[in-house]
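Have a look at the structure below, then the notes.
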Amino acid sequence: MQVNETLNEGLTREFTITIPAADLDAELNGRLVELAPQVNMPGFRPGKVPPALLRQRYGDSLLGEVIEKSVNESSQRALDERDLRPASQPNVEITSYEKGKDLEYKLSVELMPEIETVDFSTLELERVVAEPSDDDINDALKRMSEGQKESAPIEEARPAANGDVVVIDFVGKIDGEPFDGGAAQDHHLELGSNTFIPGFEEQLVGANAGDEKAVTVSFPEDYQASHLAGKEAVFDVTLKEIREPKPVEIDDAFAQRFGLDSLDALKEAIGEQMKGEYLTATRTRMKRQLLDILADKHSFEVPPKMVEEEYKGIVHQVVHHSEGEAGHDHDHDHDHDHDHDHDHDHDHGHDHDHAHDHDAGHDADEKKLSEEDRAEYRGIAERRVRLGLLLSEVGRQNNIQVTDEEVSRAIQEQAARFPGQERFVFDYYQKNPQALAQVRAPLFEDKVVDFVVEMAKVTDKTVTAEELFRDPDAEDEAAEKADDAEKKPAKKKAAAKPKAASSKAKTASKSKKKADDSDAEADSDA
């Protein structure tokens, strides 16, 4: 084969590669030889069909396979000979081919940057830890009892008040016509709980048992059932009974509702569950702190196409989340896909129409954003990619790997969340390599994080549960406001000075805050 480098710019390389027709023909002959023993053709014994006849019958159908194999092997050889390490899947575009002639294609690849990691033993981390107190456990018991509370009929006739439980029949109508899901009988509703449409419960306060009322309300504009959103409805309500909440005694009998023998056993179980939640929160905060430190201490060039793809994903999530579609919070830059699998299995069957539609959709989404937002999200995308490549490189250098057993265990944990549908979950991952990679990626990242933390200097700080679960960004914002308040006199004196630097710092701070937000999951994807 012949390889000509046509572009060498930053981390981007492009090559024109030519595979001689003779090489393709030899590869095709080899496949025909492999196929010959399997061919049964009238008039010939198995394995004795003449090569010319085999080529005539099967040559065209095997040619695509031969071309794909030749392109894969030649592109991999071109990269290996130049000691190039792709950061993502190389792109292949066949530029010239006619049957019986040389094949020419363009190979485009973005390379892994040179990453020099800091000495992890010099990193200093603060690990905030908390232990569940007796008050925390008692508060949890109180919340559990609220969920188990019962009610009893009021002893003396009186109008319904907030806090009462009313037993009602109701039928809802829009424009005089009943609608699906708008009727119920013997429904228990706690007044003041705000579980019904805004305005519904308030209109029953002061009603007496036996009263019939027409309750007029409007469904919220963002109501989940779009055919009802924003519409006015009239509910014909019959108040059948007024009941008072009956306190639940928190005792051994209460514990037995949850399958435990005694209240002490229930408290112990709650404490153990809280410890697990606190440990998860501790790990999440320290991991976030570590990623922030690593991002600040490493600066290297990142592949432009990877950043662009990450940016497109952020834009899509931002726009469609703001429009009310389900999506993840775009601000989280601790969600990485670091399972870089450099096997270079090229996919030549690209759906160009789909790609075109995707680009068109992105352009439309991007136009909905301000220039400031676009710049901010590009910064977040670059930070995500840089962190992803850094962690991937740390894993590679230190031979950190995720075993198939660990992946299977993670899938089993996910399947356990869907009782009765476990088989569907397993089948989904078996048939979907991309989904499988999304399971493997956070496992890999967690292993890398554990590796780095093991070498860092970690200092424990005991805090309350409230402090442990407090959003660090809220703390930073409060500190920033306090700092701004202290500097106000100085700002007045310097009012005539240029503010460009100040404005730039503010924008950078805002971007960093957005980028630093982590998922409540923090996410296992991190």
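A short reminder: the numbers here are calculations on the coordinates, not readings from a lab. Quick caveat, the model's predicted, so the values are computed rather than measured. Neighbour counts run over all protein chains shown; Cβ positions are idealised from the backbone, glycine included.
Of the GluC sites (Glu not before Pro) found in region 78-123, the ones in coil according to DSSP and having at most 12 other Cβ atoms within 10 Å of their Cβ are Glu98, Glu114, Glu116. The distance between label points at Ala364 and His321 comes to 2.1 nm (points 7 Å beyond Cα on the Cα→Cβ vector).
The distance between label points at Asp25 and Gln421 comes to 5.8 nm (points 7 Å beyond Cα on the Cα→Cβ vector). Could you work out how far apart the two model spin labels at Glu244 and Glu406 are, taking each label as a point 7 Å from the Cα in the direction of the beta carbon, and quote it in nm? So the label points at Glu244 and Glu406 sit 5.9 nm apart. Determine the shape class of region 2-110: with a ≥ b ≥ c the square roots of the Cα gyration tensor eigenvalues, call it rounded for a/c under 1.5, and otherwise prolate if a/b is greater than b/c, oblate otherwise. It is prolate, given that a/c is not under 1.5 and a/b is the larger ratio. Of the trypsin sites (Lys or Arg not before Pro) found in region 80-170, those in coil by DSSP whose Cβ has at most 13 other Cβ atoms within 10 Å are Arg82, Lys99, Lys101, Lys149. Rounded, prolate or oblate: which fits region 118-225 when a ≥ b ≥ c are the square roots of the eigenvalues of the alpha-carbon gyration tensor, with rounded for a/c under 1.5 and prolate only if a/b beats b/c? Because a/c hits 1.5 or more and a/b fails to exceed b/c, region 118-225 counts as oblate. Placing +1 on the Cβ of every Lys and Arg and -1 on the Cβ of every Asp and Glu, with nothing else charged, gives region 2-110 a dipole about its Cα centre of roughly 700 debye. Legend: residue pairs Lys106/Lys312; Lys287/Lys457; Lys173/Lys231; Lys142/Lys275, Cα-Cα distance threshold 21 Å; pairs beyond threshold, Lys106/Lys312.
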